[in-house]
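**Q** Sharing a structure below in structure tokens format, with a few things to ask.
Since every read-out is calculated from the coordinates, none of them should be taken as a lab result. From a predicted model like this one, the values you see are computed outputs, not experimental measurements. Virtual Cβ from ideal backbone geometry, glycine too; neighbours counted across all protein chains shown.
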Amino acid sequence: MTFVVAGACVDVKDRTCLDQCPVDCIYEGSRKVYIQPEECIDCGACEPVCPVNAIFPASDVPDVELAHVEANLRFFDELGSPGGFELIGPQDFDCLPDQRLDR
Amino acid sequence: MTADLRVAIVGSGPSGLYAAEGLSKAGCDIDILERLPAPYGLLRYGVAPDHLKIKSLVPAMARILGRPNVRFLGGIHVGRDIDITSLRELYDVLVYATGAAEDRPLGIPGEGLDGSRAAREFVSWYSGHPDADPSGIDLSATDVVVVGAGNVALDVARILARDPEELAGTDVPDHVLGRLRGSDVRDVHIVARRGPSFAKFSTTELREVGELANVDVIVRAAEVDGTDAATADPEQLRNLELFREWSRRPRAGKPRRIHFRFGLSPAELIGHRRVDQVVLDRMVPGGSGTWVATGEREVLRAGLILRAVGYRGVPVAGVPFDEHRGVIPHQDGRVVGSAGDGQYAVGWIKRGPSGVIGTNKADAQETVATILAAAPTLPRAAIRDPQAILDRLGASGVTPVTWAGWLAIDAAEVARGATRGAPRVKLSDRKEMEATALSAQARPDEETRKTA
């Protein structure tokens, strides 16, 4: 189980969580950020620092936000496991619920 | 921003290493002075052995220690083997990353009885810490009380209750695994002085306890129903929901049980030489955020009580210290008070024992930014030869464990793991670790001069 960034991040993208992540596994899209589930080590550092409470453990995502779990996974369909956000930088697309890859 | 500072970081836990990473990238030359022969601090000696995913942070930390301008010098006790005055002659900047090595007492009668221990002692023992009590922790009692409502309490309860065979594939030392296999513990009582919505458990780790194969989790409905949420913190609300769910869960007759108890505060430990009863005060909210004893008491029979009620830092000789908070006083990471220039703090000795490993990254970034901003005007040390510290230590009869020495310990642990089907089994005897390291450090002077 890992953590998931849900809808409250959209168009806020505060990015405080990026500074906290010890493995640099939080990736920036154009409208929100995404946690790479294979790189996340479940430490939980990101969750309490999010100013809009957008981050949840995958097992505790509120029902209305569940679509973001799948959308987060989809964000990494092509990126795979880049090994750290620092290595690839911000991406110019997003994966949001009810929306195809928005390039 | 770049700087050509010579920096000594005291402590090689996550906060010290994150500081090293930032300063190394800015061009500083860094020596990391570690008290133990092994690096990584609480990542190695605090993170529970069954939390393998967090341990997977080790390779990233090793890359920091492997950077060309970072030098690991293990087995050096700052304040004993070398003092701060001497270090200030050799380095432009000192960064204290010494953590919080002391535990807070309960301050109740009977606390000195056998069987009354700090959770930290149990953690050190199962983590194979070289300074852990070699006789270990007596696990002949059926009932154990764990005092505290944080993740340390969860860790110790989980290790006490979990099927030891599930730990065979982890790095726990052989003698620890043997003792856990012979454990008589059946019931672990986690005791929190306030209500369930005040607990500081992280939901992820709480949920893990409910998923242990051989453990029934028991929560009394009377201690969670009707309690105010009393918090807007989403994590604490989720915890409350989980406790409510568990309070309705039927027992499955599993061999071990973890009981969560709320609104109980230890008042006294009773026993003849050894604890056999824990007297608890029933607590209720007393207004303005405090909890007060009702006068009602409950007695739990238990032969072992582990207190997990917080850690505090230990002063470094010659460095300002806030006795009340147990931290080094600082401004954005710069040590304030009677300290001279060029002294900084990072991690738990700076902010107190809070947060998770990742919290140290932002904490270290703050201190690094403060150092780099001050760099142009910081006075430079008189002696700038990287060999100088080795000469001074050598004169005191101290040979540091170098990076090559640690890699030899690392290889020995991996080899030992192969005998048990584990990725690694820790060495925990300091002499054995040092001998293993020194056998690989044929020419320590040459090898540690890589930064020269």
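**Q** Tell me which residues, restricted to segment B:324-349, are in a loop (DSSP other than H, G, I, E, B) and closer than 26 Å to B:Asn151 by Cβ.
**A** The answer is B:His324, B:Arg325, B:Gly326, B:Ile328, B:Gly333, B:Val346, B:Gly347.
**Q** Does at least one position in segment B:188-200 carry a residue that is within 14 Å of chain A (Cβ to nearest Cβ), touching a helix residue (DSSP H, G or I) at 6+ places or on another chain (Cβ under 8 Å), under 18 Å from B:Phe243 (Cβ atoms) and not charged (D, E, K, R)? Before the answer, list the steps.
**A** Taking segment B:188-200 and keeping what is within 14 Å of chain A (Cβ to nearest Cβ), we get B:200.
Restricting the remaining residues to those that are touching a helix residue (DSSP H, G or I) at 6+ places or on another chain (Cβ under 8 Å) gives B:200.
Filter again for under 18 Å from B:Phe243 (Cβ atoms), leaving B:200.
After this cut, where a residue has to be not charged (D, E, K, R) as well, the list is none.
No, segment B:188-200 has no match at all.
**Q** Now a separate question. Working carefully through the options B:Gly326, B:Gly289, B:Gly318, find the one that is exposed (fewer than 13 other Cβ atoms within 10 Å of the Cβ) and not acidic (Asp, Glu).
**A** Among B:Gly326, B:Gly289, B:Gly318, only B:Gly289 is exposed (fewer than 13 other Cβ atoms within 10 Å of the Cβ) and not acidic (Asp, Glu).
**Q** B:Arg334 is checked against (1) closer than 22 Å to B:Val368 by Cα; (2) exposed (fewer than 13 other Cβ atoms within 10 Å of the Cβ); (3) among the basic types (Lys, Arg) and fails just one. What number does that condition carry?
**A** All conditions pass for B:Arg334, except number (2).
**Q** Mind listing whichever residues of segment A:23-49 are in contact with a Gly (Cβ under 6 Å, 6 or more places away or on another chain) and farther than 26 Å from B:Leu237 by Cβ?
**A** A:Asp24
**Q** Name the residues in segment B:89-144 that are of a type in the set (A, V, I, L, M) and closer than 23 Å to B:Leu300 by Cβ, would you?
**A** Of everything in segment B:89-144, those that are of a type in the set (A, V, I, L, M) and closer than 23 Å to B:Leu300 by Cβ turn out to be B:Leu106, B:Ile108, B:Leu113, B:Ala118, B:Ala119, B:Val123, B:Ile137, B:Leu139, B:Ala141, B:Val144.
**Q** In addition: Could you check B:Gly417 against (1) within 18 Å of B:Arg88 (Cβ to Cβ); (2) outside any loop (DSSP other than H, G, I, E, B) and say which number it fails?
**A** Here B:Gly417 clears every test but (1).
**Q** Just to be sure, is B:Val314 closer than 30 Å to B:Val147 by Cα, in contact (Cβ under 8 Å) with a residue 40 or more places away in the chain and part of a loop (DSSP other than H, G, I, E, B)?
**A** Criteria met by B:Val314.
**Q** Within segment B:294-307, identify whether any single residue is closer than 30 Å to A:Cys50 by Cα and out of contact with any His (no Cβ under 8 Å at 6 or more places or on another chain), and answer yes or no.
**A** no
**Q** Right, here's the next one. Condition first: of a type outside the set (Phe, Trp, Tyr), more than 19 Å from B:Asp385 (Cα to Cα) and within 12 Å of another protein chain (Cβ to nearest Cβ). Can you find one or more residues in segment B:68-91 that meet it?
**A** no
**Q** Being surrounded by 13 or more Cβ atoms within 10 Å (Cβ to Cβ), assigned to a helix (DSSP H, G or I) and away from every other protein chain (no Cβ under 14 Å) is the filter here, so list the residues in segment B:352-390 that pass it.
**A** Those that are surrounded by 13 or more Cβ atoms within 10 Å (Cβ to Cβ), assigned to a helix (DSSP H, G or I) and away from every other protein chain (no Cβ under 14 Å): B:Thr370, B:Ile371, B:Leu372, B:Ala373, B:Ala374, B:Ala375, B:Gln387, B:Ala388, B:Ile389, B:Leu390.
**Q** Tally the residues that are within 20 Å of B:Leu42 (Cβ to Cβ), of a type outside the set (A, V, I, L, M) and touching a strand residue (DSSP E or B) at 6+ places or on another chain (Cβ under 6 Å), restricting the search to segment B:298-329.
**A** Here the count works out to 5.
**Q** Would you be able to tell me the number of residues in segment B:394-414 that are within 17 Å of B:Gly11 (Cβ to Cβ) and assigned to a helix (DSSP H, G or I)?
**A** Within segment B:394-414, residues that are within 17 Å of B:Gly11 (Cβ to Cβ) and assigned to a helix (DSSP H, G or I) number 2.
**Q** Scan segment B:42-52 and give yes if some residue there is assigned to a loop (DSSP other than H, G, I, E, B) and more than 14 Å from chain A (Cβ to nearest Cβ), otherwise no.
**A** Among the residues of segment B:42-52, at least one is assigned to a loop (DSSP other than H, G, I, E, B) and more than 14 Å from chain A (Cβ to nearest Cβ), which makes the answer yes.
**Q** Cβ-Cβ below 6 Å, separation at least six or inter-chain, first residue in segment B:117-129 and over 11 Å from B:Arg44 (Cβ atoms), second of a type outside the set (A, V, I, L, M, F, W, C) and surrounded by fewer than 23 Cβ atoms within 10 Å (Cβ to Cβ): which pairs?
**A** B:Ala118/B:Asp103; B:Arg120/B:Asp103; B:Trp125/B:Gly136
**Q** Go over the candidates B:Ala38, B:Ala8 one by one and state the one that is within 20 Å of B:Glu413 (Cβ to Cβ) and either away from chain A (no Cβ under 13 Å) or assigned to a loop (DSSP other than H, G, I, E, B) (or both).
**A** Criteria check complete, one pass: B:Ala38.
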